[in-house]
Amino acid sequence: MTSNGDRGAERGTNRGRPQTEARYGIPERADGMLPWAFVAEQMRDARNYWVTTNRPDGSPHVRPTWGVWVDGTFHCGGGEGTRWVRNLARNPEIVVHGESATEVVILEGEAERIDHETASSELIDELDAAYEAKYDAPHGTPFFAVQPTVVFAWSDFPTDATRWEFDE
């Protein structure tokens with residue numbers, strides 16, 4: 001695996017502008033939209049992320065976490081007894097927001113569990129090495145790979161607000 005950040009383009013994406021009833025000044029034209037490299041850079045370089053999952057009653061559960069961007073995919077994880085990991089076991093829907101409120105990246109999608117039963121030891125070793133390099137601490141399993149269905153990003157809202165939709 002490489003950390004090239006190109007996986008978003010490989011999955012079959014449609015890049016456009018966010019759609020809202022109130023336009024908020026978001027341009028309709030395509031020029032000025034952000035490239036996927038912006039998403040990759042922000043997700044790679046952030047130290048902390050906000051993760052939202054759904055509690056069993058459907059209410060949101062939000063928490064900060066660490067994560068790594070490996071092979072163009074965001075990976076995070078936590079202990080089996082944590083509320084958010086238990087939430088993902090019931091419902092894999094997840095939202096991940098980078099730590100910046102000005103250099104914004106928001107991933108909406110599903111979390112795919114990665115552990116010794118579902119993934120190769122090479123992948124787990126690579127993710128642990130990425131955590132070790134970034135946080136000076138190993139991670140352990142489980143990890144979750146976030147497969148986005150939609151990504152929003154901007155750095156100069158509303159002029160460069162960009163939306164990517166992914167083929168399922």
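Only the coordinates and a few stated rules stand behind these numbers; no lab work does. All values reported here derive from a predicted model rather than from experimental measurement. Here the Cβ positions follow ideal geometry from the backbone for every residue, glycine too, while neighbour counts run over all protein chains shown.
In terms of its alpha-carbon gyration tensor, the chain comes out prolate; a/c meets the 1.5 threshold, and the first ratio a/b outweighs b/c.
Relative to the longest principal axis of the Cα atoms of the chain, the long axis of helix 36-45 lies at roughly 40 degrees. Among the GluC sites (Glu not before Pro) found in region 19-120, those both in a DSSP coil and sparsely packed, with 15 or fewer other Cβ atoms within 10 Å of their Cβ, are Glu21, Glu28, Glu80, Glu99, Glu117. Looking at the square roots a ≥ b ≥ c of the eigenvalues of the Cα gyration tensor of region 115-168, which shape do they give, rounded for a/c under 1.5, prolate if a/b is larger than b/c, or oblate? Here region 115-168 falls in the oblate category.
Taking trypsin sites (Lys or Arg not before Pro) in DSSP loop conformation with at most 13 other Cβ atoms inside 10 Å as exposed sites, the chain has its longest uninterrupted site-free stretch at 48-168.
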